[in-house]
Amino acid sequence: MHTLEPTGFDLARFDAAALARLSAGEPAAVLSHRAAAFELFSALPVPAARDEEWRHSPGKLFPCAAFALAAPLRASGAPPTADWHEDFDAVIDVTDETFSLHNRAGSLDILPLAEALAALPAGVPQHRRKFAALGQAFWTAGFFIRARAGAPVRLLVNWRFAAGGKLHMPRLVVAVEPDAHLTLVERFQGLERGTTSISKDWKADAALAVIGAHEFHVGAGATLERVALHEWHAATICIAEDAAVVAERGRADWVTAVFGGRAVKLTAGCDVAGAGAAAHLSGLYFADGTQHVDQRTLQRHSSPDTTSHLLYKGAVRDQSHSIYQGLIQAARGAVRVDAYQMNRNLVLNEGARADSLPALEIDADDLKCSHGSATGNLDPEQIFYLRARGIPEAAARHLLIAAYFEEVIGKVSHAGVQERLRAAVAQKMETLS
């Protein structure tokens, strides 16, 4: 019998005493919710070094124990300051110490999570994952969002945390009721505080830590469009767990973009759980310097007659490392499923690395499931074609990289967010020859 080696995660500080300090003064109902999540967190094993999901991202990249847990936020009446806020029906602004809510939509409810949980019975968390349970127990900034049937609504959530040595735990619970339509844009920003120089010492570098747990419930005939834009400070470590369940005839369209962060580990899972449900998951990531970006997706089909399509496109340069792990699951009886998964990577120089690990787990027949992966550099013939028409080589490379990402950027419906994505790609290419 072999014992799995631990990954090096130090999670001992997240004990009952720490939870009691964090939740002091909260209503009993909220304490019950935290306690249920903490019980699950305590029961689940710490990720092991040989776990397929974590073997590329050992705990030394995520020194959570080096950070002081941030205090719960207090409400503020500050006006919205986020980009594009005038284009949205509602805005949630979050800083290190405060939050403000601005809601002009009659069919959208936004509550601090503590208020919402106080009205709900506590139960065992649905997603049995170590860091998801940790975030559900120790969240420091949380909100409940409910979209009701009516005119489509657009919500912007601006998470802005300073690189000041704190561990923040954001949490969202989103319910899109039957036949409702919600467009949700989340922008995650790490604001510079002090030096931004980066050395090879992970613990000395890390100035901001984030562990997030978001869950989404999409009702029958409802639509959720979500964009998650990760623009973390260069000294940020981030672990995020996103999970969605889509009911019959519902639809989830996600775009996840990762540009910032020292070490980032994202998990995005979507269960198309009702007949006729569909999920379209897209990702864009561009790593440079010594960035480490590890993403895992799960397309779970627990019902027949469901669809999921995924496209993740990334680029790596310098000494950066990206990992994509994708899994399509078809449960027993999930017939007539249509699932597709594609991951493409550009490796722009020697020394950069992109690992791609797509997989299928099929327990049904009469379905169509496939996956693909491609990794390489820019096509020399395309570069030659552009140079032959008078375009300098560096500009030609930039044009090809920008065009490569456009397939994902075009899936975003908001023009301002599209332009921000293009600008972020352009910034990553500034010193690329």
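The values are calculated or read from the model by the stated rules, or taken from the named source; none is laboratory data. Only a predicted model underlies this, so the values are computations on that prediction, with no experimental measurement involved. Note that each Cβ is placed from the backbone with ideal geometry, even for glycine, and that neighbours are counted across all protein chains shown.
Of note:
- Restricting the range 75-103 to residues that are of a type in the set (Phe, Trp, Tyr) and modelled with pLDDT of 90 or more leaves a set whose member that is nearest to ALA162 (Cα to Cα) is PHE99.
- Annotation note: Cβ proximity below 9 Å between a residue of the range 352-381 that is on the phi > 0 side of the Ramachandran plot and a residue that is in a loop (DSSP other than H, G, I, E, B) (sequence gap 6+ or interchain) occurs for ASP366/PRO304; ASP366/VAL335; ASP366/ARG336; ASP366/VAL337.
- Breaking point among (1) in contact with a Ser or Thr (Cβ under 7 Å, 6 or more places away or on another chain); (2) at pLDDT 95 or above; (3) part of a loop (DSSP other than H, G, I, E, B), for PRO178: (1)
- Selection within the range 261-293 - among the acidic types (Asp, Glu), surrounded by 24 or more Cβ atoms within 10 Å (Cβ to Cβ) and within 17 Å of HIS230 (Cβ to Cβ): none
- Residue that is surrounded by the most Cβ atoms within 10 Å (Cβ to Cβ) [pool: residues in the range 181-212 that are within 21 Å of GLY135 (Cβ to Cβ) and at pLDDT below 90]: GLY190
- Sole residue being in a strand (DSSP E or B) and not acidic (Asp, Glu), chosen from LEU120, LEU167, LEU134: LEU167
Conditions tested, residue by residue: (1) in contact with an Asp or Glu (Cβ under 8 Å, 6 or more places away or on another chain); (2) within 15 Å of VAL258 (Cα to Cα); (3) not aliphatic (A, V, I, L, M).
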| site | (1), (2), (3) |
| --- | --- |
| ALA278 | no, no, no |
| PHE286 | no, yes, yes |
| GLY289 | yes, yes, yes |
| ARG300 | yes, no, yes |
| PRO304 | no, no, yes |
| LEU310 | no, no, no |
| ALA315 | no, yes, no |
| TYR324 | yes, yes, yes |
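- Unmet criterion (only one of (1) surrounded by 19 or more Cβ atoms within 10 Å (Cβ to Cβ); (2) modelled with pLDDT under 95; (3) aliphatic (A, V, I, L, M)) for ALA331: (1)
- Qualifying residue in the range 34-55 (condition: basic (Lys, Arg), assigned by TED's automatic domain parsing to the domain that holds LYS265 and part of a helix (DSSP H, G or I)): yes
- Of the residues making up the range 379-409, just one is under 30 Å from LEU224 (Cα atoms) and either loosely packed, with under 12 Cβ neighbours inside 10 Å or in the same structural domain as ASP83 (by TED's automatic domain parsing) (or both), namely ALA403.
- Exactly one residue out of PHE14, PHE67 is in contact with a Cys (Cβ under 9 Å, 6 or more places away or on another chain) and surrounded by 15 or more Cβ atoms within 10 Å (Cβ to Cβ): that is PHE14.
- Scanning the range 238-256 for residues that are under 22 Å from GLY164 (Cβ atoms) and in contact with a Lys or Arg (Cβ under 6 Å, 6 or more places away or on another chain) yields a count of 1.
- Residues of the range 354-387 satisfying the condition of being assigned to a loop (DSSP other than H, G, I, E, B) and of a type outside the set (D, E, K, R): ALA364, LEU367, ASN377, LEU378
- Every condition in (1) in contact with a Lys or Arg (Cβ under 9 Å, 6 or more places away or on another chain); (2) assigned to a helix (DSSP H, G or I); (3) more than 30 Å from ARG55 (Cβ to Cβ); (4) not acidic (Asp, Glu) holds for TYR404 except the one numbered (3).
- Hits in the range 84-96 - residues which are of a type in the set (D, E, K, R), surrounded by 14 or more Cβ atoms within 10 Å (Cβ to Cβ) and farther than 16 Å from ILE110 by Cα: ASP87, ASP96
- Residue in the range 269-277 that is part of a strand (DSSP E or B), over 30 Å from ILE401 (Cα atoms) and among the acidic types (Asp, Glu) present: yes
- Taken together, the residues in the range 330-345 that are more than 17 Å from THR256 (Cα to Cα), part of a strand (DSSP E or B) and touching a Ser or Thr at 6+ places or on another chain (Cβ under 8 Å) amount to 3.
- Pair list, Cβ < 7 Å and 6+ apart or interchain, from the range 247-266 residues that are closer than 24 Å to HIS301 by Cα to residues that are among the basic types (Lys, Arg) and in a strand (DSSP E or B): TRP254/ARG226
- Any hit, the range 104-112, residues being more than 30 Å from PRO358 (Cα to Cα), in a loop (DSSP other than H, G, I, E, B), of a type outside the set (S, T, N, Q) and touching a helix residue (DSSP H, G or I) at 6+ places or on another chain (Cβ under 9 Å): no
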